[in-house]
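What follows is a set of notes on a single structure, which appears directly below.
The values are calculated or read from the model by the stated rules, or taken from the named source; none is laboratory data. In this text, all values refer to a predicted model and were calculated from it rather than measured experimentally. Cβ coordinates were reconstructed from backbone atoms using ideal geometry, including for glycine residues, and neighbour counts include every protein chain displayed. Side chains are part of the model used for accessible areas, which takes the heavy atoms of the whole protein and leaves out ligands, DNA and RNA. Shrake-Rupley method; radii C 1.70, N 1.55, O 1.52, S 1.80 Å.
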Amino acid sequence: MPDLTQYTIHEMLSGLRAGDFSSMELTKAHLNRIEALEPDLNAFITLTPELALADASKADRALLAGDNNLPLLTGLPIAVKDVLCLKGVRCTCGSKILENFIPPFTATAVQRLLDAGAFSLGKTNTDEFAMGSSTEN
């Protein structure tokens, strides 16, 4: 199987709709890539693999049902910058002050992606409160 982490979003969505691969396969490929590179990159503050795999399974059931009216991004794993809230998932904004903050809501921008069928692999690194450009926190 080709390296699914190298596909464009368009190729991922086309492949999902065509049944060339499943959302579970796509998600596992991305999680494996993150696991391999994360020690060197420190790109993620919080990973949510269990949630992502559950969402991938749900997307696969919907895709297998053959509903042509599924949301556009159904089955697409994404990463959310850690300055945007995702209900129930730690949101630090790159700050020690918020290192244990669990938001009770999801940011509108993120909710729109979720409503379109995408789901989160986790929260990516950011400068404290997004005030900088080096992603040091």
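Treat each spin label as a single point 7 Å out from the Cα along the C-beta direction, and report the residue 1 to residue 41 distance in nm.
If labels sit at residue 1 and residue 41, their model points lie 1.9 nm apart.
Among (i) 15.6; (ii) 14.7; (iii) 16.4, which is the computed Kirkwood radius over Cα pairs in Å?
(i)
Take the solvent-accessible surface of the protein heavy atoms, probe 1.4 Å, and return the percent of it on the chain that carbon and sulfur atoms account for.
Working: 4440 of 7960 Å².
Carbon plus sulfur share of accessible area: 56 percent.
Given the -39500 (n - 2.57) contribution per DSSP H run of 4+ residues, what per-residue ellipticity at 222 nm results for the chain, rounded to the nearest 500 deg cm²/dmol?
-12500 deg cm²/dmol
For the stretch 108-125, just list the computed ³J(HN,Hα) in residue order, Karplus coefficients 6.51, -1.76 and 1.60, θ = phi - 60°, integers in Hz, with x standing in for Gly and Pro.
Residue by residue, the stretch 108-125 yields 4, 4, 5, 4, 5, 5, 5, 5, 7, x, 6, 8, 9, 8, x, 10, 8, 4 Hz.
By what distance, in whole Å, do the Cα atoms of the stretch 13-93 stretch along each of the three principal axes, largest value first?
38, 27, 19
Modelling each spin label as a point 7 Å along the Cα-to-Cβ direction, I'd like the residue 65/residue 101 distance in nm, to one decimal.
Each label point is offset 7 Å from its Cα along the Cβ direction, giving 3.6 nm.
Given a cut-off of 20 Å, what percent of all Cα-Cα pairs of the stretch 60-137 lie beyond it? Please report the intermediate quantities before stating the final value.
Details: 1184 of 3003 pairs.
So the pairs more than 20 Å apart make up 39 percent of the total in the stretch 60-137.
Could you work out the local net charge near residue 63, counting Lys and Arg as +1, Asp and Glu as -1, over the other residues with Cβ closer than 14 Å to its Cβ? Let's see the in-between values first.
Working: positive: 17, 58, 61; negative: 20, 25, 55, 60, 67.
Neighbour charge sum, excluding residue 63 itself: -2.
Skip the ligands, DNA and RNA, and give the accessible area per residue of the chain with a 1.4 Å probe, whole Å².
Details: 7960 Å² over 137 residues.
The answer is 58 Å² per residue.
Can you give me the solvent accessible area of residue 23 with a 1.4 Å probe, rounded to the nearest 10 Å²?
0
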